[in-house]
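Okay, here's the structure, questions in a sec.
All of the numbers you see were taken from the coordinates with simple rules; none came from a lab. What you are looking at is a predicted structure, and each value in this text was computed from that prediction instead of being measured. Don't worry about glycine lacking a Cβ; one is built from the backbone with ideal geometry, like all the others, and counts go over all protein chains shown.
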């Protein structure tokens, strides 16, 4: 379907370097990275809005690098949706079909059909300024999908929505894709979008595509410490390994695999279990720890822990914090499975 090969670009403060990846037909491919990673610049290069300094772009085996956006046949949904304010919802959706000189009865049929699928039939007479953010997002998506493009490009499609609307539309996006069968290249900083929607994920950091794989592979086996930190492995532990044992700051930790010499391992805060008493568990690592501080993060609490000279962070719910009386200086038991550790 789509192949980007060796894409590099210096654009304002963004610097893309040798980016290569493929999107298969019917796939929802996620480019995941923090703000400033160059995700939107990459998407605009694919769309034909920005020219790459080097590299080639192929669509269904055809080199489209030199083609303008209108000749590529792709659909692009920018982050701000870019709806025409003086047109009705119907005319916004129909715009691409009219440009392509599709017969009027066919335009009517396709606009009605896509509006029904996306649940916006009742909005066709309205103007964009009268719509909610979620409704505008549906209209922008309908305008892109109605032309039946080989590939739809989505730039942070849910970034401007409230939490409830975003979660609902992410779920609906999965249903729409199953029903319509479209192929998507979707850039986002949201782990929720990547995990919920992605068939495969490419992690983009500092203008480079540093890892590509299935959602499970990328989130459970990050390719580097840099990727691991971005993906939420807040605990990076360095020590000396011998077999399946790691000694780090005087603490002996059971590893999931054999290793030797100086290594680093990653551990997610949510994979650490806290208790007031030793618990029966399959976890091979259990230690007594002291709470150094407690940090409130909305529904979750980040607990800073010290095991001897080893410092760890764990996540617990607010109810668990209150139930266990987790406060600074409290002694607790910490446990985590060896399989939760990722050796770099």
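Test of understanding: ordering 161, 209, 141 by Cβ neighbours within 10 Å, fewest first, what list do you get?
The most exposed by this proxy come first: 161, 209, 141.
Return the single residue from 244, 177, 12 with maximal mean-square fluctuation; model: Gaussian network over the chain, springs between Cα atoms under 10 Å.
Comparing 244, 177, 12 in the GNM, the peak value goes to 12.
Just want the ordering: 93, 326, from fewest to most Cβ atoms lying within 10 Å of their own Cβ.
326, 93
Can you give me the C-alpha center-to-center distance between the range 288-319 and the range 226-249, rounded to a whole angstrom?
Their Cα centres are 18 Å away from one another.
So what is the calculated 222 nm ellipticity per residue for the chain, using -39500 (n - 2.57) for each DSSP H run with n of 4 or more, over all residues, to the nearest 500 deg cm²/dmol?
-8000 deg cm²/dmol
Under a 10 Å cutoff between Cα atoms, tell me which one of 105, 85, 150 has the largest fluctuation in the Gaussian network model of the chain.
So, out of 105, 85, 150, the one fluctuating most is 105.
Report the dimensions of the chain along its three principal axes from the alpha-carbon atoms, largest first, rounded to Å.
74, 45, 34
Using a Gaussian network model of the chain whose springs link C-alpha atoms within less than 10 Å, name the residue from 311, 28, 189 with the highest mean-square fluctuation.
Of the options given, 311 has the highest mean-square fluctuation.
Nearest 5 is fine: what % of DSSP beta bridges in the chain come out antiparallel, could you say?
If I count the DSSP bridges inside the chain, around 80 percent turn out antiparallel.
Taking other Cβ within 10 Å of each residue's Cβ, how do 240, 50 sort, fewest first?
240, 50
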